[in-house]
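Working notes, beginning with the structure itself.
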Amino acid sequence: MTINPDLQGRSYPAAEVYDVGREKIREFARAVKATHPAHFDVEAAKALGHRDLVAPPTFAIIIAQRADAQLIEDPESGIDFSRVVHADQRFTHHRPIIAGDRLVAELHVDGVRAMGGGAMITTRSEIFAVSDGGNSDGGSEVREPVTTTTSSILVRGEGQ
């Protein structure tokens, strides 16, 4: 199956909320060998002006990949994940990710470019912290921008 060129411009809505926990931050920090005390010790994070533990900058990939899964699993995309090569990943942080955040990501397909028998697909995930804004009456949800990730994948064509 070939990549659907009509993917460009498509957006996928925010899926389920990802609750950022202290242990998730600590585990991720250990995995990526991030050693700053603010990733492990609440008091160290508070001394820097944060309300709780601070996630390493690349922690956002967890939420972004959950959004990317919507595209990969979309039967209309034509993407065979066994043929995907990750080409590029960039992060623009609007504020740190902090333990206690409730995050969602909207995925946008910004580019689809044919390359031989395959395609290069560029996506952007807009990650937001969500809250009820202090509305105990079930009022509208508040979304605070946290991180924008940009990713490029190469989907190899047959015989590549």
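The values are calculated or read from the model by the stated rules, or taken from the named source; none is laboratory data. Owing to the predicted nature of the structure, the values given are computational and were not obtained by experimental measurement. All Cβ positions, glycine included, derive from the backbone under ideal geometry; neighbour counts span all protein chains shown. For accessibility, only protein heavy atoms count, side chains too; no ligands or nucleic acids. Shrake-Rupley method; radii C 1.70, N 1.55, O 1.52, S 1.80 Å.
Converting phi to 3J(HN,Hα) with the Karplus coefficients 6.51, -1.76 and 1.60 and the offset θ = phi - 60°, region 7-16 yields 5, 4, x, 6, 10, 10, x, 4, 8, 5 Hz in sequence order, with x at every glycine or proline.
The orientation-averaged projection of the convex hull spanning the C-alpha atoms of the chain amounts to 10.8 square nanometres.
Dividing the mean sequence gap of close Cα pairs (under 8 Å, 6+ apart) by how many residues the chain holds gives a relative contact order of 28 percent.
Taking the chain as a Gaussian network of alpha-carbon nodes connected by springs under 10 Å, the highest mean-square fluctuation of the residues 117, 49, 100 belongs to 49. Scanning the chain for trypsin sites (Lys or Arg not before Pro) lying in DSSP loops with no more than 13 further Cβ atoms inside 10 Å, the longest uninterrupted stretch between such sites is 52-160. Between residue 48 and residue 110, the modelled label-to-label distance comes to 2.6 nm, taking each label 7 Å out from Cα in the direction of the beta carbon. Of 109, 130, 85, the residue with the greatest mean-square motion in the GNM of the chain, using alpha carbon springs below 10 Å, is 85.
Computed about the Cα centre, the dipole magnitude for region 1-68 is approximately 160 debye when only Lys and Arg (+1) and Asp and Glu (-1) carry charge, each at its Cβ.
For region 32-76, with all protein chains in place and a probe radius of 1.4 Å, 57% of the accessible heavy-atom surface sits on carbon or sulfur. Residue 25 sits among other residues whose Cβ lies under 12 Å from its own Cβ, and their net charge, with Lys and Arg +1 and Asp and Glu -1, is -2. Placing +1 on each Lys and Arg Cβ and -1 on each Asp and Glu Cβ, with no other charges, gives region 51-136 a dipole about its Cα centre of roughly 300 debye. Here's the picture: charge each Lys and Arg Cβ at +1 and each Asp and Glu Cβ at -1 in the chain, and of 29, 127, 8 the one pushed furthest to the positive end of that dipole is 29. Surface analysis of the chain yields an accessible area of 54 Å² per residue, using protein heavy atoms and a 1.4 Å probe. If you build a Gaussian network model of the chain, linking Cα atoms that sit under 10 Å apart, which residue out of 97, 63, 79 swings the most? Most flexible of the set in this elastic network: 79.
Close amide-amide hydrogen proximity is noted between residue 101 and 20, each under 5 Å apart and 5 or more residues distant or on a separate chain (H modeled in the peptide plane; Pro and chain starts excluded). Computed about the Cα centre, the dipole magnitude for the chain is approximately 640 debye when only Lys and Arg (+1) and Asp and Glu (-1) carry charge, each at its Cβ.
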